Amino acid sequence: MNIHESAEVTREEFKKNTQHKRLKSLTNIGLVAPALSIYLTFSLWPLLNTFRLSLYQTTDSGDRKWVGINQYIELFGNPIWSDQFFNALTNNLQFFGIHVVVQNSIALFLAVLLALVSSRASTFYRGIFFIPTLISVVVVGFVWQLILSPIWGITPNLFDSLGLDHLFAPWLGLESSALITVGLISVWQNVGLPLLLFYSALIAIPQELIEASRLDGLSEWACFWRIKIPLILPTIGVVNILTFIGNFTLSFDLIYAIQGGLAGPSFSTDVMSTLLFRTFFGFQTQLGDHGMGATIATCTFLLILFVVGMYLLLIQRRLRIH
């Protein structure tokens, strides 16, 4: 083969490789395009449009007037709005705290127990714990209202039969206990998802490590703290950050089903999503304000973005490195 023939062969191979790469790129684009178009249509565009809407104010005539960041100044500078905003934010953080301390702790405990039993038994119990997650939120809210009702609920009779009637109180009707009560109901309904995530992480730990730790004389408790917990720390972090996002975006339905749009009593269960609902759409005698509602939604998104970003940059990356 002379130099010209060799160069021709090299040129043909280069051409084939180029065509193959181009075809592969087009295939990848074709596979990604449907999901990307759905994301742009139903996530990114509404998000950008919400931010744009927050820069406008709706006049009495229904027209929109450009006001720039005045709505943000109004939100944080006017006590009428700022008191509602920071009350909802504080309640949301407390709601998140209840889920982290109670829900995720219970889920981790149950996951550890299920990882120790047979696969058939763990499958059965995982299904049992996950069932409440599949129940309609409206049904959950209505049933728990009946259970906790001081008039026709079964809880007062149960406390009476146990001789603990002095401990019962209308927890959903008291400002001091309403948020905690709703939070515990939410824990009961949603504990199944973090349980599955923790369980998946635990059974993925190589059995050789567990057996080696036992040969070294570690007890089951010591093995849990020294071997299992460090290995599932990334999963624990992911569960907590998903809990944070869910508490700010998905807490509306249960609170609305149990406490109504006013998140009573006296806004003691008001969170960012219920405040956004009342502000944007209006409720009872309160008129809807699209501009201020979009401002609250944008602030909520920026808060979630900041917390998630800080977590990914400062915590999750370190956990993966170690």
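What are the residues in segment 178-216 that are among the hydroxyl-bearing types (Ser, Thr, Tyr) and either more than 30 Å from Thr155 (Cβ to Cβ) or over 21 Å from the mean Cα position of the chain (by Cα) (or both), if any?
Answer for segment 178-216, where residues must be among the hydroxyl-bearing types (Ser, Thr, Tyr) and either more than 30 Å from Thr155 (Cβ to Cβ) or over 21 Å from the mean Cα position of the chain (by Cα) (or both): Tyr199, Ser200, Ser213.
Looking at segment 204-224, is at least one residue in contact with a helix residue (DSSP H, G or I) (Cβ under 8 Å, 6 or more places away or on another chain) and closer than 24 Å to Phe244 by Cα?
Among the residues of segment 204-224, not one is in contact with a helix residue (DSSP H, G or I) (Cβ under 8 Å, 6 or more places away or on another chain) and closer than 24 Å to Phe244 by Cα, which makes the answer no.
Kindly establish whether Val143 is among the β-branched types (Val, Ile, Thr), over 21 Å from the mean Cα position of the chain (by Cα) and surrounded by fewer than 17 Cβ atoms within 10 Å (Cβ to Cβ).
yes
Among the candidates Gln71, Gln103, single out the residue that is modelled with pLDDT of 95 or more and either buried (at least 17 other Cβ atoms within 10 Å of the Cβ) or under 22 Å from Val307 (Cα atoms) (or both).
Criteria check complete, one pass: Gln103.
Pick from Gly183, Gly217, Gly163: which is out of contact with any Pro (no Cβ under 6 Å at 6 or more places or on another chain), under 30 Å from Met272 (Cα atoms) and not hydrophobic (A, V, I, L, M, F, W, C)?
Only one candidate qualifies: Gly183.
I'd like to know if segment 219-230 contains one or more residues that are among the aliphatic types (A, V, I, L, M), within 29 Å of Thr133 (Cα to Cα) and out of contact with any strand residue (DSSP E or B) (no Cβ under 6 Å at 6 or more places or on another chain).
Yes, segment 219-230 contains at least one residue that is among the aliphatic types (A, V, I, L, M), within 29 Å of Thr133 (Cα to Cα) and out of contact with any strand residue (DSSP E or B) (no Cβ under 6 Å at 6 or more places or on another chain).
Among the residues of segment 228-277, what is the count of those that are assigned to a helix (DSSP H, G or I), more than 21 Å from the chain's Cα centre (by Cα) and crowded, with 17+ Cβ neighbours inside 10 Å?
Residues flagged as assigned to a helix (DSSP H, G or I), more than 21 Å from the chain's Cα centre (by Cα) and crowded, with 17+ Cβ neighbours inside 10 Å within segment 228-277 amount to 1.
Residue by residue, here is whether (1) at pLDDT 85 or above; (2) in the same structural domain as Asp289 (by TED's automatic domain parsing) holds:
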position	(1), (2)
Ser25	no, no
Gly30	no, no
Ser37	yes, no
Asn49	yes, no
Thr59	no, no
Leu75	yes, yes
Pro79	yes, yes
Phe86	yes, yes
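Where residues in segment 49-84 are in contact with a Leu (Cβ under 8 Å, 6 or more places away or on another chain) and without any contact (Cβ under 8 Å) to a residue 12 or more places away in the chain, which of them is farthest from Leu276 (Cα to Cα)?
Trp66
The values are calculated or read from the model by the stated rules, or taken from the named source; none is laboratory data. Please read these numbers as outputs of a predicted model, since none were measured by experiment. For neighbour counting, all protein chains shown are included, and Cβ atoms are generated from backbone atoms with ideal geometry for every residue, glycine included.
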